[in-house]
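Nothing in this text is a laboratory measurement; each read-out follows from the coordinates by a stated rule. Remember, it's a predicted structure, so these values are computed and weren't measured experimentally. Glycine gets a Cβ as well: all are built from the backbone with ideal geometry, and neighbour counts include every protein chain shown.
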Amino acid sequence: MKIVFAAILVCVLAACSQTPSNGTSLASATAQVAGASSSEAPASSASTPLPATTTTAPAADAATVLTLYHWQLANAVDKSGRRIDALFARADRPVQLDFDAQGVSIDNTCNRTRGSYSVAGGKLTVGNLASTRMACNDPALTALDAAAGKDLQGAFVLTLNVRGKQPRLVLIADSGVRLTFTGVPAALPPRAS
């Protein structure tokens, strides 16, 4: 059994180290998001430090990097700089954004929420959101759902900082709401048998 597990692990690691067919490696895409050109990006070794610059990510690379992490809400303030407390109803389970090719999901609220998104011109646009309709018995969770539906939809200036140990995503809405998320690496998807 240990031998089978070791063989599977070696195959998974080997597959992860391969450059995708479009020619962009994870290290290259990550470095591009941080402001380096493709030629400046390291060819391998995820431990290579990224450039110290933080820029608004190019659209294609930002969309790729967004899918690599679970984005957990670390801070949310309105245009006056006041914390949006309703978004922190669950201190032990921060609101989380998960991006994939089909859309974005908002988790750790009372109801599950999902919608479309696009990245273009340094902006993230979250389209109409659909949500389950569970009754939230706790008024704080009801307020959390309402705040998430209001504050996580629309157009945002998108800033990704992928240098250092913890990636950071900052979304600034036209209303002045500023949402800061920290990235937790997403697990590899399960392999089909």
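Values computed for the structure shown
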item	result
Anchor Lys123: aspartates and glutamates whose Cα lies under 18 Å away (excluding residues fewer than 8 positions away in-chain)	Asp61, Asp98, Asp100, Asp151, Asp174
Relative packing of peptides 118-126, 156-164 - highest average C-beta neighbours within 10 Å first	156-164, 118-126
Leading residue at positive end of dipole, segment 51-185 (Cβ point charges), from His70, Ala148, Gly164	Gly164
Label point 7 Å beyond Cα of Asp138 along Cβ direction - residues of segment 84-99 with amide nitrogen under 17 Å	85-96
Computed FRET value (nearest 0.05) for Thr182 with Gln102, which takes r as the C-beta separation and R₀ as 25 Å	0.60
